[in-house]
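The values are calculated or read from the model by the stated rules, or taken from the named source; none is laboratory data. Keep in mind that what you see is a predicted model, and the values were worked out from it rather than measured. Here Cβ is always computed from backbone atoms with ideal geometry, including for glycine, and neighbour counts include all displayed protein chains.
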Amino acid sequence: MKKGTYIFILLILPTIIIAQSIINTKHNLSVNGPGTVKATSESEVCLFCHTAHSSRPSSPLWNRNDPGSSYMLYASSTLKALPGQPSGSSVLCLSCHDGTIALGSVLSRGSVISFANTVNMPAGLSNLTTDLKNDHPISFTYDANLATQNTQIKNPSTLIPQIKLDNDQLQCTSCHDPHKNLYTDFLVATTQYSNLCNACHQATGWASSTHSTSSKTWNNVSPNPWPNSQWTTVSENACASCHSSHSAGSTTRLLSSQLEENVCLSCHNGNVASSNIETELAKTYRHDVYNYTGIHDPVEDAVVNTKHVECIDCHNSHMSNAQTAIAPNVKGANIGVKGVSQSGLNVNHISYEYELCYRCHSSNPATGVASSRKIVQSNMRLQFDPTNPSYHPVAAVGVNSTISGLIAPLTASSQIYCSSCHSSDGSNAPAGPHGSIYPQILKYNYDRSSAYVNSYAAYELCYQCHDQSSTITNHNVLSNTGTHGTLTSCNNCHDPHGISSTQGNSTNNRYLINFNLGTVSNNSNNLLNWNFSSQGHGSCNLSCHGHDHVNSTY
């Protein structure tokens, strides 16, 4: 039995060695090689790269000329490393893979070895050309100092043994072993679950992010989003779902597509992710990510000074997860993105959802207003300021402690999100303001017509929080004519965001009173105001619906 065991080992060992050697890989360019790119008659295997004599350079006995090319290099605003022109082992790899030198041009032969159907590296993913802008950077010093400058990469002392640096530089051979093809593309470790990427990269929050942990699969509706047909889940594909190490679609952080939104929508089109964001972005009112390309930059200011909106302005793909939260705390979908605090300070990682919205909807001059009002203010940070005479409770609990008609579980001490009102419409729509059939990307209808007879459908947005019956009853009781609840829009009297304390006061602007000038105008005494007298009571000076109100009490 013992002897038989030894025989068994001897029988299988040669098979293992052959399977792990260059013989059965595409790098066997001899006439007997398994690939389609191979010599017509040359039977030697190693000479396509190595020679025993007169090598250049002497180590590793190289048998090819330096291509001598000047390469265009990868560059990025987030790159801390300093890539130079390819050096060391990378030059040797590029002597074939930049496509400039004949595959059969070796030092040990007096003439070029002929190849079937080609001379140089055929066009395709293996031919990197001399343009390396869309390829992972190489030939840079990877040391402890770099890891200190860039905390998103690991200290080289912790690298797995398969990753080898060449004189402290990261080269092609750090990720590829040209003699073995155990993991496809001659990689030194598997890319499943991004194991190879994670050997060097340590993106903050990645381990608990949805893109790292999700078991979602593709529903087989074309196009296929997976770069590797072996891996079938989001977590298995991980980094490769969005990034390409070579010949990437974009030079910007090696994204798989030049159009940033296409990277996200390859899964978020209903074919992998549960939420079909692509459908929402086709609606009339939307955050139009299609309208901008190449403007967003991860190192840009929190305040968006150059108008644009991309998926990655609101979502950090390395940190985003499915965690829920209670207003105003940030939800997992928006964790890890930049924002602006209520006090106007830049925030690197937001704590509250409104800080994200303030990026574009605070001091950005491109932000407009939906209605013409007596007090005009487009800066949402000022409208929601807790020092204001009134505001919807986004950044803080509201100032009115006696609100009647709120729908449970809401109370006067509740807070809400911006996305409580601004979000994709529809009962099963994905969360967040992606797209809507209603203006201002509202989740429900909010009719601004001054002559519209009140109905639930007209002010469905308001009636998500404010009970319709109580609201109409309260307004009719307070009205001299008994018609305020049925013949005028909420929008005519109320500013839905708030009135800045720098422009309004608690006498004229409690209860979000800020008249819509499209409907309301000055009265016969040239006055336009509402004056608070006691809780829930006041008087109006204005002209509305053809009626002249002079100190009319309510």
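Couple of notes before you dig in:
- When the range 28-47 is filtered for residues that are within 43 Å of the chain's Cα centre (by Cα) and in contact (Cβ under 8 Å) with a residue 40 or more places away in the chain, the ones remaining, listed by number, are LEU29, THR36, VAL37, LYS38.
- Within the range 129-153, the set of residues being charged (D, E, K, R) and in a loop (DSSP other than H, G, I, E, B) comprises LYS133, ASP135, ASP143.
- Counted residues, the range 304-363 - those being within 22 Å of SER413 (Cα to Cα) and of a type in the set (Gly, Ala, Ser): 5
- In the range 15-34, the count of residues that are in contact with a helix residue (DSSP H, G or I) (Cβ under 7 Å, 6 or more places away or on another chain), of a type in the set (A, V, I, L, M, F, W, C) and at pLDDT below 95 is one or more.
- The residues on offer are ALA458, ALA451, and the sole one that is at pLDDT below 85 and either polar (S, T, N, Q) or outside any strand (DSSP E or B) (or both) is ALA451.
- Taken over the range 138-169, the criterion of being under 16 Å from SER89 (Cα atoms) and in contact with a strand residue (DSSP E or B) (Cβ under 8 Å, 6 or more places away or on another chain) is satisfied by ILE138, SER139, PHE140, THR141, TYR142, ASP168, GLN169.
- Evaluation of SER95 against (1) assigned to a loop (DSSP other than H, G, I, E, B); (2) more than 27 Å from CYS242 (Cα to Cα); (3) hydroxyl-bearing (Ser, Thr, Tyr) (one fails), failing number: (1)
- Matching residues, the range 61-73, being part of a loop (DSSP other than H, G, I, E, B) and either without any contact (Cβ under 8 Å) to a residue 24 or more places away in the chain or in contact with a helix residue (DSSP H, G or I) (Cβ under 7 Å, 6 or more places away or on another chain) (or both): LEU61, ASN63, ARG64, ASN65, ASP66, PRO67, GLY68
- Residues of the range 410-459 satisfying the condition of being of a type outside the set (Val, Ile, Thr), crowded, with 18+ Cβ neighbours inside 10 Å, touching a strand residue (DSSP E or B) at 6+ places or on another chain (Cβ under 7 Å) and farther than 20 Å from THR324 by Cβ: ASP425, GLY435, SER436, TYR438, LEU442
- Some residue of the range 247-258 being assigned to a helix (DSSP H, G or I) and of a type in the set (A, V, I, L, M, F, W, C): no
- Answer residue from the range 287-299, given it is farther than 17 Å from GLY205 by Cβ and in contact (Cβ under 8 Å) with a residue 24 or more places away in the chain and is surrounded by the fewest Cβ atoms within 10 Å (Cβ to Cβ) among those: VAL299
- Matching residues, the range 301-318, being part of a helix (DSSP H, G or I) and either more than 13 Å from CYS264 (Cβ to Cβ) or of a type in the set (Val, Ile, Thr) (or both): ILE312
- Among the residues of the range 302-360, those that are closer than 14 Å to SER419 by Cβ, surrounded by fewer than 19 Cβ atoms within 10 Å (Cβ to Cβ) and of a type in the set (Gly, Ala, Ser) comprise ALA325, ALA327, GLY332.
- Residues being hydroxyl-bearing (Ser, Thr, Tyr) and under 17 Å from ASP288 (Cα atoms) - total across the range 420-435: 2
- Restricting GLN323, GLN342 to residues that are farther than 29 Å from TRP226 by Cβ, assigned to a loop (DSSP other than H, G, I, E, B) and modelled with pLDDT of 95 or more narrows the list to GLN342.
- Residue match in the range 361-379 (condition: within 30 Å of THR210 (Cα to Cα), modelled with pLDDT of 95 or more, in a helix (DSSP H, G or I) and touching a Cys at 6+ places or on another chain (Cβ under 9 Å)): no
- Among the residues of the range 54-103, those that are among the β-branched types (Val, Ile, Thr), more than 34 Å from the chain's Cα centre (by Cα) and more than 21 Å from LEU165 (Cβ to Cβ) comprise THR100, ILE101.
- PHE115 being in contact with a strand residue (DSSP E or B) (Cβ under 6 Å, 6 or more places away or on another chain) and within 22 Å of SER256 (Cα to Cα): no
- Scanning the range 251-289 for residues that are among the β-branched types (Val, Ile, Thr) and either at pLDDT below 95 or under 22 Å from LYS307 (Cα atoms) (or both) turns up THR251, THR252, VAL263, ILE277, THR284, VAL289.
- Inter-residue pairs, beta-carbon under 6 Å, first more than 20 Å from SER506 (Cα to Cα) and in the range 537-553, second assigned to a strand (DSSP E or B) and not polar (S, T, N, Q), 6+ apart: HIS549/CYS540; HIS549/LEU542
- Total residues in the range 393-409, condition closer than 16 Å to SER506 by Cβ and buried (at least 17 other Cβ atoms within 10 Å of the Cβ): 2
- Of the residues making up the range 99-128, those that are surrounded by 19 or more Cβ atoms within 10 Å (Cβ to Cβ) and in a loop (DSSP other than H, G, I, E, B) are GLY99, ILE101, LEU103, GLY104, VAL106, ILE113, MET121, LEU128.
- Test: SER489 is polar (S, T, N, Q), surrounded by 20 or more Cβ atoms within 10 Å (Cβ to Cβ) and modelled with pLDDT of 95 or more: no
- Matching residues, the range 202-213, being buried (at least 20 other Cβ atoms within 10 Å of the Cβ) and free of Cβ contacts under 8 Å to residues at least 60 places away in the same chain: SER212
- A Cβ distance below 6 Å, combined with a sequence gap of six or more or placement on separate chains, defines the contacts here; from the range 231-243, residues that are farther than 12 Å from CYS267 by Cβ reach residues that are of a type in the set (A, V, I, L, M) and at pLDDT 95 or above in the pairs HIS243/LEU254.
- Breaking point among (1) within 22 Å of TYR438 (Cα to Cα); (2) of a type in the set (Val, Ile, Thr); (3) buried (at least 16 other Cβ atoms within 10 Å of the Cβ), for THR284: (3)
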